[in-house]
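Shown next, in structure tokens, is the structure this report addresses.
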Amino acid sequence: MTSSDRIERSSEDWKQTLTPEQFQVTRCGGTERAFTGAYWDNKATGMYHCICCGAPLFSSQTKFESGTGWPSFWDGVTPEAITTKRDLTHGMVRVEINCARCDAHLGHVFPDGPAPTGQRYCVNSASLDFRAG
């Protein structure tokens, strides 16, 4: 991704295109309740895109059942699709994951996933747009 691919909008602009829950999760770092999102139990084949900018983020081929109540993936679609940063909120040390194109908050990544990566990208459904195919 190049710097010209980046999408930056004001909070007001994002509020015009996102639902209140999508805005809270993606632009304010919120979290949806476990087992309530549209994709935690989705088994269809396709691609998960960023709800904000449409960038492809995760493939159904890397999705697995983690038992957490959120969609979980063992890898992103490409190394460039997702950025990470240290998250010290809520008295925990975690690694936040964001869309590299628009900086939307997606969720967190944990080192307790399956092979081959050992990673568990724990993602809010509200940050995703699933496209079958």
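Since every read-out is calculated from the coordinates, none of them should be taken as a lab result. Predicted model, so just to flag it, every value in this text is computed and none were measured. Cβ atoms come from the backbone with ideal geometry, glycine included; neighbour counts cover every protein chain shown.
Values as computed for the structure displayed
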{"read-out": "Cα-based Rg / Dmax (Å) for region 9-132", "value": "13.3, 41"}
{"read-out": "Cα shape, region 1-62, gyration tensor, a/c 1.5 rule", "value": "oblate"}
{"read-out": "Residue-by-residue Karplus 3J(HN,Hα) for region 46-52, coefficients 6.51, -1.76, 1.60, Hz, glycine and proline x", "value": "x, 10, 9, 10, 5, 5, 7"}
{"read-out": "Cleavage-rule hits, trypsin sites (Lys or Arg not before Pro), region 1-65, DSSP coil, Cβ neighbours within 10 Å at most 11", "value": "R33, K43"}
{"read-out": "Distance between modelled label sites at S11 and F110, nm, 7 Å Cα→Cβ extension", "value": "3.0"}
{"read-out": "Extended-chain gain in nm, criterion 0.36 nm per residue less alpha-carbon gap, L88 and T45", "value": "12.0 nm"}
{"read-out": "Order of E21, E80, E8, E32 under a 10 Å beta carbon neighbour criterion, fewest first", "value": "E8, E80, E21, E32"}
{"read-out": "Environment charge at G69 (Cβ cut-off 12 Å; Lys +1, Arg +1, Asp -1, Glu -1)", "value": "-2"}
{"read-out": "Mean Cα-pair separation over length for the chain, i.e. relative contact order, pairs under 8 Å, 6 or more apart, %", "value": "28"}
{"read-out": "Linear extension gain, A132 paired with A34, 0.36 nm per residue minus alpha-carbon span", "value": "33.0 nm"}
